[in-house]
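Remarks on the structure that follows.
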Amino acid sequence: MPKIIDGKAISAQIKDEVKERVAQLKAQGVTVCLAVIQVGADPASSVYVGNKKKACAYVGIESLSYELAEETTQEELLSLIGELNKKDEVNGILVQLPLPKQIDEDAVIRAIDPKKDVDGFHPQSVGALCIGQPGFVSCTPAGIIELLKRSGVEIAGKECVVIGRSNIVGKPMALLLLRENGTVTVAHSKTKDLKEVTRRADILIVAVGKPKMITKEYVKEGAVVIDVGIHRNENNKLCGDVDYEDAAPICSAITPVPGGVGPMTIAMLMYNCVNSVSLQ
């Protein structure tokens, strides 16, 4: 049987460590504050924003909430970000994606001060990651590295395959695995003989966006499989990009969906918020 990598337990550990650091900062008279902006009332976004607020309350980070109407213009949003950039008491700024179609996401990401970019999406943050400089790292990939390390998975020298090349998960994931001395292949929709590529992986990270696409035929015996996907199946149950029942028996370790990567994203957001204080 594979080891089930418990994202809930590991994220709780990280949140407790952050809580302790927040308390130490408070004792020195320093408060940590995150501003969260949501445009429109997308139900999934509302759930995420609610979870972020709960996590802030738990670790002792102050949160400012800006819930803007669906028809908010790009100028109005950029003006709010400009104000928050100037506020010394705001350490982190997070704009919940996706945004309504009248707003250019790229312009919004670029408008956030890189020193407050706790999502790690700003081109400056991504560039810093590329060349090994300090800066914020996108929360999901950073969380996956913590899942591996805290589950005793050695990355150095391992064959790592990342399926997916998005700016939010795939690309930063590959860079972080390189930073940990993994040998990294990035596979995607145009990869030839995908199964052949993925079956080389000691560590397989799946961020493909297709429910249950990855079956045991894609997985090397004894591999560690990290499933970033989250979907609802025909019975409205949550599932990932990996066909868990099919693939799990041949893995040495695997993340479940839910309860794997998901909780880590918010834990790492809290971690980034605390780190923002020293970056500023």
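The values are calculated or read from the model by the stated rules, or taken from the named source; none is laboratory data. As the structure is a computational prediction, the values presented were derived from the model and not from experiment. Quick reminder, even Gly has a Cβ in these numbers, built from the backbone with ideal geometry, and neighbours come from all protein chains shown.
Results, tabulated for the structure shown:
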quantity: Residue pairs meeting the criteria (Cβ under 8 Å; at least 6 apart or on separate chains; first of a type in the set (A, V, I, L, M), in segment 60-88; second part of a helix (DSSP H, G or I) and exposed (fewer than 15 other Cβ atoms within 10 Å of the Cβ)); calculated: 68/76; 78/107
quantity: Evaluation of residue 145 against (1) touching a residue at least 40 places away in the same chain (Cβ under 8 Å); (2) under 18 Å from residue 121 (Cβ atoms); (3) in contact with an Asp or Glu (Cβ under 7 Å, 6 or more places away or on another chain) (one fails), failing number; calculated: (1)
quantity: Qualifying positions in segment 206-234 - in contact with a Gly (Cβ under 8 Å, 6 or more places away or on another chain) and of a type in the set (Lys, Arg); calculated: 210, 212
quantity: Test: residue in segment 156-175 that is among the acidic types (Asp, Glu) and either in a loop (DSSP other than H, G, I, E, B) or in contact with a Cys (Cβ under 6 Å, 6 or more places away or on another chain) (or both); calculated: no
quantity: Members of segment 118-130 that are surrounded by 19 or more Cβ atoms within 10 Å (Cβ to Cβ) and of a type outside the set (A, V, I, L, M); calculated: 119, 120, 121, 122, 125
quantity: Residue in segment 217-239 that is surrounded by 21 or more Cβ atoms within 10 Å (Cβ to Cβ), of a type outside the set (Asp, Glu) and in a helix (DSSP H, G or I) present; calculated: yes
quantity: Residue list for segment 240-272, filter: part of a loop (DSSP other than H, G, I, E, B), free of Cβ contacts under 8 Å to residues at least 40 places away in the same chain and under 14 Å from residue 4 (Cβ atoms); calculated: 240, 257, 258
quantity: Single residue of segment 133-147 satisfying the filter (more than 8 Å from the chain's Cα centre (by Cα) and over 11 Å from residue 173 (Cβ atoms)) that is surrounded by the most Cβ atoms within 10 Å (Cβ to Cβ); calculated: 136
quantity: Members of segment 148-179 found to be at positive phi and in contact (Cβ under 8 Å) with a residue 40 or more places away in the chain, listed by number; calculated: 164
quantity: Test for residue 213: is it buried (at least 16 other Cβ atoms within 10 Å of the Cβ), closer than 16 Å to residue 147 by Cβ and in the same structural domain as residue 156 (by TED's automatic domain parsing); calculated: no
quantity: Residue list for segment 131-142, filter: touching a residue at least 24 places away in the same chain (Cβ under 8 Å) and not in a helix (DSSP H, G or I); calculated: 132, 134, 135, 136, 137, 138
quantity: Top-ranked residue in segment 183-210 [being of a type in the set (Ser, Thr, Tyr) and part of a strand (DSSP E or B); ranked as farthest from residue 240 (Cα to Cα)]; calculated: 183
quantity: Residue check for residue 152: outside any helix (DSSP H, G or I) and under 21 Å from residue 105 (Cβ atoms); calculated: no
